[in-house]
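A quick write-up on the structure given underneath.
The values are calculated or read from the model by the stated rules, or taken from the named source; none is laboratory data. The structure displayed is predicted, hence computed values, not measured ones. Quick reminder, even Gly has a Cβ in these numbers, built from the backbone with ideal geometry, and neighbours come from all protein chains shown. For the accessible areas, the whole protein counts, side chains as well, though only heavy atoms, and no ligand, DNA or RNA atoms are used. Shrake-Rupley method; radii C 1.70, N 1.55, O 1.52, S 1.80 Å.
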Amino acid sequence: MDYQNIIVETHGRVGLIRLNRPKQLNALNDALVDELGHALDVFEADEGIGAIVITGSEKAFAAGADIAAMANFSYMDAYKGNYITRNWERVKTCRKPVIAAVAGFALGGGCELAMMCDLIIAADNAKFGQPEVKLGILPGAGGTQRLPRAVGKAKAMEMCLTGRFMDAEEAERSGLVARVVPAERLLEDALETAKTIASYSLPVVMMIKECVNRAYESPLNEGLLFERRTFHSSFALEDQKEGMAAFLEKRAPQFKHR
Ligand code: CO8
């Protein structure tokens, strides 16, 4: 596929997707989200890829859904056309780990996209926000649901109701991002983290991702049971034999299923 709105690269076992609508600060539209979905399909099918990084530019990860494209929408355009959301869940359904490397603005749908990834690494200039209220709409792709789970009700309510932005330092303190790094080191750091993940047994990494996500989607007892059964099943993996043998033999493991 010839991409117009994203740039796709591979770095060893890591797939990198750069959002690329610089004039619109990477505002999201159907074409971009469809291309993102396609790139994820390709990386997911590629045995040589163990983890994926999504990033934007130094100024913006993504400044939200494209306001110019939706300004004149009718209810029917939004509902029947399923604007942007038609392929939106693809990031969530990706079974390989996806890291958001966020510099600059991550607003509206941009913040929601970052939150849909498995973890966020932020540059020190990152700004997160759900400013939809200022446009006479509300968050429509997870902002009212994922943000409270990440930062708690008080901060999520405040951000969604006032449109206030959260800077990188506050985002780390509040649990929205895993780590803050200097802007110039963002990509290097995110790729390094993704490379570490991609060096492990892929089935184990996928199981961990599934289990952590269960914590958000099921009661504690169900989540613990799911984790326990998945843990038991890891003993069926050749990579478990290799990982433990390597530890006991004091050597680096050679995982087969990467
Ligand atoms: N859509 C379209 N164009 C945009 C957007 C956007 N979201 N954000 C910025 N741009 C454009 C500007 O119009 C401008 O274009 P031009 O140069 O042609 O005038 C260019 O990008 C640069 O922007 P600014 O001049 O405004 O740059 P500043 O540095 O002054 O300000 C800001 C940067 C603060 C990011 C500012 O541009 C801004 O507030 N942008 C809008 C942020 C926003 O409201 N986002 C929420 C959008 S609604 C949304 O995301 C709903 C999602 C619903 C879910 C749908 C499924 C995913």
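Residue check: is residue 33 assigned by the TED database to the domain that holds residue 14, away from the ligand (no atom under 16 Å from the Cβ) and without any contact (Cβ under 8 Å) to a residue 60 or more places away in the chain? Spell out the reasoning first.
Details: assigned by the TED database to the domain that holds residue 14: yes; away from the ligand (no atom under 16 Å from the Cβ): no; without any contact (Cβ under 8 Å) to a residue 60 or more places away in the chain: yes.
No, not satisfied.
Anything in the stretch 97-118 that is open to solvent by less than 10 Å² (accessible area, probe 1.4 Å) and closer than 21 Å to residue 184 by Cα? List them, or say none.
Within the stretch 97-118, 98, 99, 100, 101, 102, 103, 104, 106, 110, 111, 114 qualify.
Among (1) outside any helix (DSSP H, G or I); (2) within 11 Å of the ligand (Cβ to nearest atom); (3) crowded, with 20+ Cβ neighbours inside 10 Å, there is one condition residue 121 misses while meeting the rest; what is its number?
Of everything listed in (1) outside any helix (DSSP H, G or I); (2) within 11 Å of the ligand (Cβ to nearest atom); (3) crowded, with 20+ Cβ neighbours inside 10 Å, residue 121 misses just condition (2).
For residue 172, all conditions in the list (1) within 14 Å of residue 114 (Cβ to Cβ); (2) buried (at least 20 other Cβ atoms within 10 Å of the Cβ) hold save one; what is the number of the exception?
The one condition residue 172 does not meet is (2).
Test residue 15 against the stated conditions and say whether it is buried (at least 16 other Cβ atoms within 10 Å of the Cβ) and touching a Pro at 6+ places or on another chain (Cβ under 9 Å). It would help to see each step written out before you state the result.
Details: buried (at least 16 other Cβ atoms within 10 Å of the Cβ): yes; touching a Pro at 6+ places or on another chain (Cβ under 9 Å): no.
It is false that residue 15 is buried (at least 16 other Cβ atoms within 10 Å of the Cβ) and touching a Pro at 6+ places or on another chain (Cβ under 9 Å).
Answer yes or no as to whether residue 7 is open to solvent by 10 Å² or more (accessible area, probe 1.4 Å) and within 17 Å of the chain's Cα centre (by Cα). If you could, list the steps in order and put the result at the bottom.
Numbers: open to solvent by 10 Å² or more (accessible area, probe 1.4 Å): yes; within 17 Å of the chain's Cα centre (by Cα): yes.
In short, yes.
Search the stretch 137-152 for residues that are closer than 14 Å to residue 216 by Cβ and at pLDDT 95 or above and pair each with any residue that is more than 13 Å from the ligand (Cβ to nearest atom) and open to solvent by 70 Å² or more (accessible area, probe 1.4 Å) when their beta-carbon atoms are under 8 Å apart and the residues are at least 6 apart or on different chains.
Qualifying pairs under 8 Å: 148/157; 149/216.
Across the stretch 105-127, what is the number of residues that are free of Cβ contacts under 8 Å to residues at least 60 places away in the same chain and farther than 23 Å from residue 192 by Cα?
Final tally of qualifying residues: 3.
Answer yes or no: is there a residue in the stretch 44-64 that is within 11 Å of the ligand (Cβ to nearest atom), over 23 Å from residue 10 (Cα atoms) and either buried (at least 24 other Cβ atoms within 10 Å of the Cβ) or not small (Gly, Ala, Ser) (or both). Step through it out loud before you land on a result.
Quick first cut of the stretch 44-64, residues within 11 Å of the ligand (Cβ to nearest atom) only: 59-64.
If we keep only those that are over 23 Å from residue 10 (Cα atoms) too, we end up with 63-64.
If we keep only those that are either buried (at least 24 other Cβ atoms within 10 Å of the Cβ) or not small (Gly, Ala, Ser) (or both) as well, we get 63-64.
For the stretch 44-64, residues within 11 Å of the ligand (Cβ to nearest atom), over 23 Å from residue 10 (Cα atoms) and either buried (at least 24 other Cβ atoms within 10 Å of the Cβ) or not small (Gly, Ala, Ser) (or both): present.
Filter the stretch 129-141 for residues that are more than 6 Å from the ligand (Cβ to nearest atom), part of a loop (DSSP other than H, G, I, E, B) and surrounded by fewer than 20 Cβ atoms within 10 Å (Cβ to Cβ) and give the result. Don't jump to the end; show me each part of the working.
Of all residues in the stretch 129-141, those more than 6 Å from the ligand (Cβ to nearest atom) come to 129-130, 133-134, 136-139.
When the remaining residues are screened for being part of a loop (DSSP other than H, G, I, E, B), the result is 130, 136-139.
Selection gives 136, 137, 138.
Looking only at the stretch 66-96, filter to residues that are over 26 Å from the mean Cα position of the chain (by Cα) and more than 12 Å from the ligand (Cβ to nearest atom); which one of those is least open to solvent (accessible area, probe 1.4 Å)?
Residues of the stretch 66-96 over 26 Å from the mean Cα position of the chain (by Cα): 71-77, 80.
Restricting the remaining residues to those that are more than 12 Å from the ligand (Cβ to nearest atom) gives 72, 74-77, 80.
Details: 72: 144, 74: 53, 75: 159, 76: 103, 77: 70, 80: 161 Å².
Out of the qualifying residues, it is 74.
Would you call residue 218 under 18 Å from the mean Cα position of the chain (by Cα), open to solvent by less than 50 Å² (accessible area, probe 1.4 Å) and closer than 21 Å to residue 116 by Cβ? Please lay out each step first, then the result.
Values: under 18 Å from the mean Cα position of the chain (by Cα): no; open to solvent by less than 50 Å² (accessible area, probe 1.4 Å): yes; closer than 21 Å to residue 116 by Cβ: yes.
Spelling it out, it is not the case that residue 218 is under 18 Å from the mean Cα position of the chain (by Cα), open to solvent by less than 50 Å² (accessible area, probe 1.4 Å) and closer than 21 Å to residue 116 by Cβ.
Somewhere in the stretch 44-53, is a residue on the phi > 0 side of the Ramachandran plot and in contact (Cβ under 8 Å) with a residue 60 or more places away in the chain? Can you show your working first?
Initially, the stretch 44-53 is screened for residues on the phi > 0 side of the Ramachandran plot, giving none.
No; the residues of the stretch 44-53 include none that is on the phi > 0 side of the Ramachandran plot and in contact (Cβ under 8 Å) with a residue 60 or more places away in the chain.
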